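Student: Have a look at this one before I ask anything.
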Amino acid sequence: MEFSHILFLGLAALAVVAAFNVILQRNPIYSAIGLIVVLCSLAALFLTLSAQFIAAMQIIVYAGAIMVLFVFVIMLLNVRAEETRIDKQKYLKWLAAPLFLALLAEVMAVVRYVDLTPQPLPSANGAAAPQDVLGTVENIANGMFTNYLIPFEAASVLILMAIVGSMLLARRERKEDVERIEKALVAQLEEEKFEEEVAA
Amino acid sequence: MSSLFNSIDFQYVIGALVKIAVFWIFIMLVVAYTVYAERRVLAVIQNRLGPNRVGWQGLLQPFADLLKFIFKEDIIPLAVNKWLYILAPIIVLIPAMMVLIVYPFGPDVPLPFGGVISQTIHDLGAKFGMNWNIDLSTVSLHVTNMNVGLLYVFAMTSLGIYGIVVGGWASNSKYSLLGGLRSSAQMISYELALSLSVIAVLIQAGTLDLTKIVERQQGWYGFKWNVFQWPMFLPCIIAFTIYLVSAIAETNRVPFDLPEAETELVAGFHTEYSSLKFALFFMAEYVNMMTVSVLATTLFLGGWNGPGVETYPWLGPVWFLAKVFFFLFLYIWLRGTLPRFRYDQLMNFGWKVLLPAALFNIVLASVIGVLFL
């Protein structure tokens, strides 16, 4: 029993318990908090694998940004408990079990048959990086901006498009609406002018 | 089991825990006396005396306050969501505290009686059949030097938002909810400018490791700080300004203290909290102030670098704390001087002034970095 085993078991147990909490809670805010705990314990697991950058990103992006939005929405809509349960699709419940078993079998197969020894990332000058600095910022940046530059840039363009698209959706004004409002305003102005003339 | 206690991991963990305990007690003392200093300095600014009864010049006031907090009645209002109400102060404080493991307090220093202590530990281990060989003749004044130190700080500070939102929501009171929402909106907005502003420093230092960022500012008789180094001083000074402003907003302090604006929201997200739970929120606020001050010192003002550190390493923590206390004083000074922003002014300032300035600064820093570094 090594120290890393204790750490792993503790963090893994925390992640699993919190994940069950996400599913089983009826109150969405408890589920959200459970999900945050899952994400944080996953980040800690990444740290034990010396994947420091991934761990930090996990917390900053998922726990720090995305989940904040979830919590915000839950709180602003003031969803106190799960209001309606979806009863229409009862058969889905029976589909879930075989799908879960398939997923489990897949994971087992991966663990059993795939070579999981960490492969050294190719660094900029082609030399293999030593094991313990695999997850450092420098190493990931080297990979990202040399060997995997095109996928990286493609992903960033995709995200940019998503941002622009969401802004467009949020501020789209229909032409007819604008024209209707303008007409109404012009009519109102003319009416006021007319009234002023009458008063004069 | 003996292999577990013998392993290098175990020794490392114990060493880290001891360091964390020492630093934690120290930080708690600093926090307690920052509160005291705030009251005294504000009193001077407002031409009154401030707390001066408990102990000489009121120096024992923090302990009296602590006792008061402990013995006050802990009220949990009826309509609150009990679990989340109790959980919220804990969620605020723990991430705030977790940041202290990357504080670079100083260089490697010789520990007084380090040899004797190492020998004692070795003998003690030998009694239980262990082989503990720890060299304590020099110790580093940080718990860990993470490769992603700066990102770690940002990650942890971003987790603190949950406590505030959850506390505001669980209190089931409109003032608390509004305070919590304001606070989180403000923290998210200013976090962007804050984290974008430090990129100028990262281009200069070439690392995210806080201890290495400080080490790269060594030289010039202790004055080779990032804000003085040619040619990066220009983007660094702009970054410093942006950082300072957003840091004050990030910690919800005057003039950005809208989340707890007394005149409109009673006390914001902690309106319903009393006794020790309120004290936890209060402590978290001051620990966060400490964190942003430490980051400002580390990134821009050379960390523990200063005249004489090369010859006397113990001067390192002294310089470091002097700079951190300067920032803490600045906070108090601003509180005594400036009025509060309006909410729309706050948002406009963050999104339309600070964020574009930070983005422009990144471009400037990159151009200078490519041309000169």
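Student: Quick check on the exposure proxy: order B:271, B:138, B:144 from fewest to most C-beta atoms within 10 angstrom.
Tutor: Numbers: B:271 21, B:138 12, B:144 15.
Ordered by Cβ neighbours within 10 Å, fewest first: B:138, B:144, B:271.
Student: Mean shadow of the range B:138-286, computed from the convex hull of its alpha carbons, in nm²? The partial results should precede the final answer.
Tutor: Numbers: hull surface 43.6 nm².
If I average the Cα hull's projected area over directions, I get 10.9 nm².
Student: Something else now. Let me see the pair-distance distribution of the range B:1-121: every alpha carbon pair, 10 Å bin width, integer percents in order.
Tutor: Histogramming the range B:1-121 at 10 Å steps yields 9, 23, 27, 25, 12, 3, 0 percent.
Student: Just round it to a whole percent: the fraction of Cα-Cα distances in chain B exceeding 40 Å. Numbers along the way, then the final one.
Tutor: Values: 13861 of 69378 pairs.
Beyond 40 Å sits 20 percent of the P(r) for chain B.
Student: Could you work out the local net charge near residue B:183, counting Lys and Arg as +1, Asp and Glu as -1, over the other residues with Cβ closer than 13 Å to its Cβ?
Tutor: Numbers: positive: B:182, B:253; negative: B:191, B:250, B:257, B:260, B:285.
Here the charged neighbours net out to -3.
Student: Also: In deg cm²/dmol, rounded to 500, what helix-only [θ] at 222 nm does chain B give when every DSSP H run of at least 4 residues adds -39500 (n - 2.57) and the total is split over its residues?
Tutor: On the way: 15 runs with 239 residues, N = 373.
Result for chain B, helices only: -21000 deg cm²/dmol.
Student: With 5 Å bins from zero, work out the P(r) of the range B:298-365 over every alpha carbon pair and list the percent per bin.
Tutor: Histogramming the range B:298-365 at 5 Å steps yields 4, 14, 12, 13, 15, 16, 13, 8, 4, 1, 0 percent.
Student: Over the range A:130-200, consider all pairs of different Cα atoms and compute the Kirkwood hydrodynamic radius from their mean reciprocal separation; express it in Å, one decimal.
Tutor: Value: 17.7 Å, from the Cα pair sum.
Student: For residue B:132, what is the net charge nearby, where nearby means another residue's Cβ is under 15 Å from its Cβ and Lys, Arg count +1, Asp, Glu -1?
Tutor: Details: positive: B:127; negative: B:9, B:123, B:135.
Summing Lys and Arg as +1 and Asp and Glu as -1 gives -2.
Student: On to the next question. 7 Å from Cα along Cα→Cβ at both residue B:13 and residue A:27: what's the point-to-point distance in nm?
Tutor: If labels sit at residue B:13 and residue A:27, their model points lie 3.3 nm apart.
Student: Okay, moving on. Please give the net charge around residue B:57, taking every other residue with its beta carbon less than 13 angstrom from that of residue B:57, where Lys and Arg add +1 and Asp and Glu add -1.
Tutor: Details: positive: B:39, B:40, B:53; negative: none.
It works out to a net charge of +3.
Student: Could you compute Rg(Cα) / (2.2 N^0.38 Å) for the range B:268-326, with N its residue count?
Tutor: Values: Rg = 16.2 Å, N = 59, 2.2 N^0.38 = 10.4 Å.
Here the answer is 1.57, to two decimals.
Student: I've got another one for you. Using only the Cα atoms of the protein assembly as shown, each taken as one equal point scatterer with no solvent, compute I(q) by the Debye sum, divide by I(0), and report log10 of the ratio at q = 0.06, 0.07, 0.12 Å⁻¹.
Tutor: Relative scattering, expressed as log10 I(q)/I(0), comes to -0.39, -0.52, -1.46.
Student: When averaged across all projection directions, what area in nm² does the alpha-carbon convex hull of the range A:1-50 cover? Before the final figure, lay out the partial values.
Tutor: Details: hull surface 12.7 nm².
Over every viewing direction, the Cα hull of the range A:1-50 projects on average to 3.2 nm².
Student: Additional query: Determine by what factor the alpha-carbon radius of gyration of the range B:1-59 differs from 2.2 N^0.38 Å, reporting the quotient.
Tutor: Compared with the compact-globule rule of thumb, the range B:1-59 sits at 1.98.
Student: Once Lys and Arg get +1 and Asp and Glu get -1 on their Cβ, which of B:131, B:300, A:169 lies farthest toward the positive end of the dipole of the protein assembly as shown?
Tutor: It is B:131.
Student: If you take the charge dipole of chain B about its Cα centre, with +1 on Lys and Arg Cβ and -1 on Asp and Glu Cβ, which of B:81, B:15, B:214 is farthest toward its positive end?
Tutor: Of the candidates, B:81 comes out farthest on the positive side.
Quick note: the coordinates plus some simple rules give every number you see, no bench work behind them. Source: prediction; values computed, not measured. Here Cβ is always computed from backbone atoms with ideal geometry, including for glycine, and neighbour counts include all displayed protein chains.
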